[in-house]
Ligand SMILES: [Zn+2]
């Protein structure tokens, strides 16, 4: 997948090219049902403060976007596939800044190279961004992507992503989302810093000990006086809006996440759901552990996750 082809030629890769990935349509919520959801009325304010190109060990390049916001002090991220997915707050002109400043914080079009001196124009690739008289980026389809886009909302999981944990499937789902977005050429993983369903790493480790003592993941959280799921997705909604990803295909098995990401006013529209089938259910790859079976069965039985294959759970 070359980096810049999508900016010049719109991506023609269809879902059919991705083999066994099936999308599912979304049940419709009425305005009344939506208004009763436990979601904030007003979205957090987010601002993308830096973006950089990251070549990856897996092949496709990504553009890592770092966000600040007005509700917590954490550095939430957007891992963006496609140079032409653009953050409104990153590209917006700031007072007294130079073209060099803009390139330094990542507000450039095309590709940087030694000696380049304009952020808004890439002479080699013949790309130029346009701005209105307030300094806001004009979303021109020749330089800025705005078609329905594959999205995954991922909550940080140190154990699953870094410490090779087989207690959960976070690392596998993260890798799988990246693999698919890399193939498509466009996509976004919103990476939220809410470790352990929002309870933090220390409390998550205690929950693991309670699980080893016989509790399931929901019971363990409740025993520690935490909600079964303390996560919030309104930051993800705000980040997607900032990136102009208003219509998305959401990779999830969690039905509650669909409305949560759309937000109370349906700022974002989930047009399809892409199920995340554990790799171990469809191939010899994937996570195999006693713990993952319990974890997945709790997600299905206790948290309403939409996974169809019945689990064979030993010793239950
Ligand atoms: Zn995890």
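Rounded to the nearest 10 degrees, the inclination of helix 201-212 to the longest alpha-carbon principal axis of the chain is 30 degrees.
Between 89, 298, 57, the residue with the greatest mean-square fluctuation in the GNM of the chain (Cα pairs under 10 Å linked by springs) is 57.
Between the range 94-133 and the range 144-211, how far is it from one alpha carbon centroid to the other, in angstrom? If you average the Cα positions of each part, the centres end up 32 Å apart. Which FRET efficiency value, to the nearest 0.05, is calculated for residue 224 and residue 42 with the Förster distance at 41 angstrom and r the Cβ-Cβ distance? Using R0 = 41 Å, I get an efficiency of 0.85.
According to the square roots a ≥ b ≥ c of the eigenvalues of the Cα gyration tensor, what is the shape class of the range 112-205, taking rounded for a/c under 1.5, prolate for a/b larger than b/c otherwise, and oblate for the remainder? Prolate, since a/c reaches 1.5 and a/b exceeds b/c.
Using helices alone, I'd like the mean residue ellipticity at 222 nm for the chain: each DSSP H run of four-plus residues gives -39500 (n - 2.57), total over residue count, nearest 500.
Details: 12 runs with 92 residues, N = 316.
One gets -7500 deg cm²/dmol as the mean residue ellipticity at 222 nm.
Volume of the convex hull of the chain (Cα atoms only), normalised per residue: 150 Å³. Please say if the range 21-114 is rounded, prolate or oblate, where rounded means a/c under 1.5 for a ≥ b ≥ c the square roots of the C-alpha gyration tensor eigenvalues, and otherwise the choice is prolate for a/b larger than b/c and oblate otherwise? Oblate. For residue 163 and residue 138, the FRET efficiency from 1/(1 + (r/R0)^6), where r spans their Cβ atoms and R0 equals 45 Å, is about 0.50. Mean separation of Cα pairs under 8 Å and 6 or more residues apart, divided by the residue count, gives the range 107-232 a relative contact order of 16 percent. With neighbour counts taken as other beta-carbon atoms within 10 Å, the residues 256, 212 rank, fewest first, as 212, 256. Could you tell me the calculated FRET efficiency between residue 98 and residue 289, based on Cβ-Cβ distance and R0 = 45 angstrom, to the nearest 0.05? Using R0 = 45 Å, I get an efficiency of 0.25.
Full extension of the chain between residue 247 and residue 118 yields a length gain of 43.3 nm, computed as 0.36 nm times the residue separation minus the alpha carbon distance. Using only the Cα atoms of the range 176-299, build the gyration tensor, take square roots of its eigenvalues as a ≥ b ≥ c, and label the shape rounded, prolate or oblate: rounded if a/c is under 1.5, else prolate if a/b is larger than b/c, else oblate. Judged from the Cα gyration tensor, the range 176-299 comes out oblate (a/c at least 1.5, b/c at or above a/b).
Since every read-out is calculated from the coordinates, none of them should be taken as a lab result. As the structure is a computational prediction, the values presented were derived from the model and not from experiment. Using ideal geometry, Cβ is built from the backbone for each residue, glycine included, and neighbour counts are taken over all protein chains shown.
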